[in-house]
Amino acid sequence: MAVADISHPPMDQLHDLDYCIDSNPPWPETIILAFQNYIVMLGTSVIIPTMLVPLMGGTYEDKARVIQTLLFVAGINTLLQALFGTRLPAVVGGSYAFVIPILYIIGDSSFQRIPDNHERFIQTMRAIQGALIVASSLQIIIGYSQLWGIFSRFFSPLGMVPVVTLVGLGLFEQGFPAVGKCVEIGLPMLLLVVAFSQYLKHVKEVRNVPVFERFSVIICITIIWAYSHVLTAAGAYRHKPLKTQIHCRTDRSHLIYSAPWFMFPYPLQWGPPTFDAGHTFAMMAAVLVSLTESTGAYKAAARLAIATPPPAYVLSRGIGWQGIGILLDGLFGTGTGSTVSVENVGLLGLTRVGSRRVVQLSAAFMIFFSIFGKFGALFASIPFPIFAALYCILFGLVASVGLSFLQFTNMNSMRNLFITGLSLFLGISVPQYFNEFWASARHGPAHTHAGWFNAFLNTIFSSPPTVGLIVAVTLDNTLEVEKSKKDRGMPWWVKFRTFRGDNRNEEFYTLPFNLNRFFPPT
């Protein structure tokens, strides 16, 4: 067989998708897809407050209110990002990157000495707000000053492979380990989504629409959620350990009765923020991690939306708006910061729909269900192992998009093999060491008398994409740089560095309402 018969030439854009960034499905499909995006982002939006609010001294009512606030601000941030930021179909939601500095703030002795739980919750929340507000300025400056765009000149396809790949693989603990906490609902969910989205994807039941592929998530969640309700009602978990009941039962989230029928989140609803230099410095580490993780997620979203890689100017613009998003998190009091939702990026590939309009409409669902709390709480009470099963697929899809950048590089080069292998391995291994250390010792490997310094280092090195970026970009720009330009994929990459470098950029990334007249690309 000739080489030409078996080769697959590199492709700037994926072609195996039905709708790209600026094409839209019919309105009925768009509405269902938007609701599906809302459902997928609920897992992270619920689990972060569920983990942190009790540690702060909050009640079930406080947890419900924080979840509603987080969803409300996520809707605003998603809309801002899709309209004025990168303009990619990327959902912006709560981030795990902020958990370590928030735990540092929660553990502050000045708060731990407060005897009243509610007062401790309010004071801790105000401190988190203050740290987010000040730390957000770092990302706003890095974005709007074009510093991140300038730094992106050191990126190459080879350097981006571990960053994008680890954005997906780095969240493996939210995958099957969480499925295993209630395997009787998690495993059927995983198998059902694979069956519907892959084996039944060519079945077109309604108006020639691949229903099982496009809406597999919402169909499977409905089936498995109903099944878990049956198990709960039948008493399958009546005599099980408390941990099993929490993960498996559908009536243990306490969200439906705790959530108000109507609540309109507003700035400073918890009171005036308080400011502490140590808290802020620790939070800045999470801002840097969020910046790195979002960069990888933007690259993946662009590829899954059939767009060109976002040029440096667009990337900086998106990071700037994300900084404003973190500022809004601090003002409203979401209890955590924001980043691009990796699971929603993966959903673009699973549904083969990369439409910007779908994500913009999903933002409306987030805002609506955050205001009308009882309705939102109903969907937020879905057991987390159902989401974890989805994550196995969606995070894996994002990781594979990262690996797809290898097609633009020479993987017969030992230099490239060394950089790729080391950065991927350390990107998984170093954060795992930090996380295991934390689990056993209740603190990270960095454990000096300066708590803010500990939180800073432990946050940076607990993030797989950040470790991957540090290793890959450093090695890629110091090892045989000049003679390896072609091997690194730079001839392909260089035209996407600038807004004018490729005429397709204007189609994908131009601002709406003719705003490019006032903010011309640089």
Scope region 496-509; condition open to solvent by 60 Å² or more (accessible area, probe 1.4 Å) and closer than 17 Å to F154 by Cβ; matching residues: T498
Residue in region 424-435 that is open to solvent by less than 20 Å² (accessible area, probe 1.4 Å) and either in contact with a Gly (Cβ under 9 Å, 6 or more places away or on another chain) or more than 20 Å from S404 (Cα to Cα) (or both) present: yes
Index of the failed condition, T274 passing every other in (1) modelled with pLDDT under 95; (2) open to solvent by 20 Å² or more (accessible area, probe 1.4 Å); (3) over 20 Å from M51 (Cα atoms); (4) polar (S, T, N, Q): (1)
Test: residue in region 95-106 that is at pLDDT below 95, closer than 30 Å to S484 by Cβ, assigned to a helix (DSSP H, G or I) and of a type in the set (S, T, Y): no
Only one of R497, R488 that is at pLDDT 90 or above and of a type outside the set (A, V, I, L, M): R488
Every pair of residues 6+ apart whose Cβ atoms lie under 8 Å, when the first sits in region 401-417 and is closer than 16 Å to K483 by Cα while the second is of a type in the set (S, T, N, Q) and surrounded by fewer than 17 Cβ atoms within 10 Å (Cβ to Cβ): N416/N410
Hey, I114 surrounded by fewer than 22 Cβ atoms within 10 Å (Cβ to Cβ), in contact (Cβ under 8 Å) with a residue 24 or more places away in the chain, out of contact with any Cys (no Cβ under 8 Å at 6 or more places or on another chain) and outside any helix (DSSP H, G or I) or not: yes
Residues (among the polar types (S, T, N, Q) and under 25 Å from the mean Cα position of the chain (by Cα)) located in region 448-482: N454, N458, T459, S462, S463, T466, T474
Region 78-105: number of residues that are farther than 25 Å from H254 by Cα and open to solvent by 10 Å² or more (accessible area, probe 1.4 Å): 8
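Go through region 201-223 residue by residue and tally those that are of a type in the set (A, V, I, L, M, F, W, C), open to solvent by 60 Å² or more (accessible area, probe 1.4 Å) and touching a helix residue (DSSP H, G or I) at 6+ places or on another chain (Cβ under 8 Å).
1
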Tabulated pairs, region 340-352, first without any contact (Cβ under 8 Å) to a residue 40 or more places away in the chain, second open to solvent by less than 10 Å² (accessible area, probe 1.4 Å) and part of a helix (DSSP H, G or I), C-beta under 6 angstrom, 6+ apart or interchain: none
Number of positions in region 319-361 that are among the basic types (K, R) and assigned to a loop (DSSP other than H, G, I, E, B): 1
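The values are calculated or read from the model by the stated rules, or taken from the named source; none is laboratory data. Predicted model only: the values in this text are computed from it and were never measured. When we count neighbours, we look across all protein chains shown, and the Cβ atoms used for this are built from the backbone with ideal geometry, even at glycine. The area values use the complete protein model at the heavy-atom level, side chains included, leaving out ligands, DNA and RNA. Shrake-Rupley method; radii C 1.70, N 1.55, O 1.52, S 1.80 Å.
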